[in-house]
Amino acid sequence: MRVLVTGGAGYIGSVVAAQLVAAGHEVVVLDNLSTGFADAVPAGATFVKGSVRQCAAEVLSDGVEAVLHFAANSLVGESVADPAKYWSNNLGGTISLLEAMREIRVRTIVFSSTAAVYGEPERTPILETDPTRPTSPYGASKIAVDTTLGEFCRLYGFGAVSLRYFNVAGAHQVLDQHGAGRWLGERHHPETHLIPNVLAAVTEGRRVQVFGGDYPTPDGTCVRDYIHVTDLADAHLRALAACRPGQHRIYNLGNGAGFSVREVIEVCREVTGADIGVDVGPRRPGDPAVLVASSEKIRSELGWRAERDLRAMAADAWRFTQSRGRR
């Protein structure tokens, strides 16, 4: 199958693109490199530099049969400061993509959504049927895309799957034909995710800032659900195979168990062998105490489950960090 991966030079998109190539698909990556990296595009994929609005129709017309859509802005804080950017790029850009797909008669799409659509949940683990009450323009733009996908499925016969991620972590190793490996991992600027920030603190010899130590959790720090990026990529391939005309399916992706900030830091200590200093500051506004997903629906319907634990996430992320340091 010829597959278009928008945002395929980014962290998650590049790993999914690599898995698609490994599975025998013909992959085209479309990315404007505003946050992605050309060297993250896997060998065997065709790379087109450009935006979804400008280039999607031309790329789709070259025999594409399905789309995996990652291209989006994804910083919660930035979305609050500049909501128009998020509505324009995340919703507007997706609508442009869907219109191009409709005109060219490409009807299959897997969408990269987020747990941010749930906002501050009433209960955990969170089910797909729980209320969506996003607390940021970023989360609101993603739920708006879900609504749009539902309409395109109903009105135009699209087959769509939305995957709502919780905290994605780890790195993915790609082997070349000679057995040599390279790592695909997180290179965000700025970096907002916990594990790469802790590992960066190790390499830079600084302390880790923790926001809030008085939450109603066992150790007082926030509890979050983490998923390895390789497991996440596997879910995308399963979702692609599960797309059916006229149906819009929604699945949560997580490991079903939460880890506190202190637990994550302790695992990073074990993996790196470093004595990581911690400074505990005040809570950040809007940070729920616990966010954990129920992934029972995708397990029962598509046979997917998270296979890699927190230690594997930290260890692979550390290998990626070290590989970058040797360049």
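The values are calculated or read from the model by the stated rules, or taken from the named source; none is laboratory data. Since the model is a prediction, treat every value here as computed from it, not as a measurement. Glycine gets a Cβ as well: all are built from the backbone with ideal geometry, and neighbour counts include every protein chain shown. Note: accessible area is taken over every heavy atom of the protein model, side chains too, but ligands, DNA and RNA are not part of it. Shrake-Rupley method; radii C 1.70, N 1.55, O 1.52, S 1.80 Å.
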For this session: Filter the stretch 163-221 down to the residues that are more than 25 Å from residue 110 (Cβ to Cβ), among the acidic types (Asp, Glu) and at pLDDT below 95, then identify the one that is most open to solvent (accessible area, probe 1.4 Å).
Result: 204
For this session: Check 45, 84, 115, 71 and return the single one that is hydrophobic (A, V, I, L, M, F, W, C), without any contact (Cβ under 8 Å) to a residue 24 or more places away in the chain and touching a helix residue (DSSP H, G or I) at 6+ places or on another chain (Cβ under 9 Å).
Result: 84
For this session: Identify the residue in the stretch 148-162 that is over 12 Å from residue 108 (Cα atoms) and touching a residue at least 40 places away in the same chain (Cβ under 8 Å) and, among all such residues, is most open to solvent (accessible area, probe 1.4 Å).
Result: 154
Problem set entry | Selection count where residues are assigned to a loop (DSSP other than H, G, I, E, B) and either charged (D, E, K, R) or closer than 22 Å to residue 76 by Cβ (or both), scope the stretch 270-315 | 14
For this session: Report those strands (runs of 3 or more DSSP E) wholly inside the stretch 188-264 carrying at least 1 residues which are in contact with a Lys or Arg (Cβ under 6 Å, 6 or more places away or on another chain), without any contact (Cβ under 8 Å) to a residue 12 or more places away in the chain and β-branched (Val, Ile, Thr).
Result: none
For this session: For residue 229, state whether it is modelled with pLDDT of 95 or more and open to solvent by less than 30 Å² (accessible area, probe 1.4 Å).
Result: yes
Seminar exercise, completed: When the stretch 85-135 is checked residue by residue, the ones that are part of a helix (DSSP H, G or I), open to solvent by less than 60 Å² (accessible area, probe 1.4 Å) and among the polar types (S, T, N, Q) are 88, 90, 94, 96
